[in-house]
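Read the figures in this text as sums done on the coordinates, not as results from a lab. What you see is a predicted model; the values in this text were computed from it and never measured.
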Amino acid sequence: MFEYIKGTISELSPTHVVLEGNGLGFHILISLQTYSALQKESSPVQLWLHHHVREDVQQLFGFAQKNEREMFRLLIAASGIGPNSARMILSSLSSEELGQAILTEDLVRLKSIKGIGLKTAQRLIVELKDKVVKVGAMNGVAQSVDHKAGALHSSIREESSMALQMLGFPKVSVEKTIDNLLRVRSDYTLEEIIKVALKQI
């Protein structure tokens, strides 16, 4: 509904900003990442917006950089991650750091975020790894990671096998299922083969 807003900062804290534009004050929730950026900006400032609507509340989330908003939207689309959890994640790691952690399957770094346990970290990797690259939310980071793909990533078979084992499925069943799928079709993406395998294991 809202793309961005430009205005003058009338109140700024690590969790929210009040931005005045055309005589109206907008209370906008922000991450520490955006807070740090706003401290360095001179007025007027521009924030990229996400309008979150629930039955009992409407909230505006603001982002100093468009790629942070895209990462936020990826996070809230993941299972079990709401907007406040996504804001906590983006307050703990920058968009670039988070994207790199997902792309390199850095469970230790993801688990270092408050409220993120092993299962949630694994789920973020499985659900968002391909999407981080596709939407370009990482700007140059995805490319810098991608050119090291030989060192950082194994084949589709190995990656999907590892992801499914992290979700708790036995190695023998996982490898058998994946091998059967790849014999029928060889051009699966990582996301596709995991989704299909989950229905067949």
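Just a few scattered comments:
- Amide H contacts under 5 Å for Phe26, placed H, 5+ residues apart: Leu19, Glu20, Gly21
- P(r), alpha carbons of the stretch 154-200 - 5 Å bins starting at zero, rounded %: 5, 26, 42, 22, 5, 0
- Tilt relative to the chain, helix 171-184 - C-alpha long axis, 0 to 90 degrees, to 10: 90 degrees
- Residues of type aspartates and glutamates that Lys66 reaches as a straight line, Cα spacing below 14 Å, ignoring anything fewer than 8 places off in the same chain: Glu3, Glu96
- For the chain, relative contact order (Cα pairs under 8 Å, six or more residues apart, normalised by length) works out to 13 percent.
- Cubic angstrom per residue, convex hull over Cα atoms of the chain: 139 Å³
- Using alpha-carbon coordinates, inclination of helix 190-200 to the longest axis of the chain, degrees: 60 degrees
- Anchor Lys114: aspartates and glutamates whose Cα lies under 16 Å away (excluding residues fewer than 8 positions away in-chain): Glu97, Asp106
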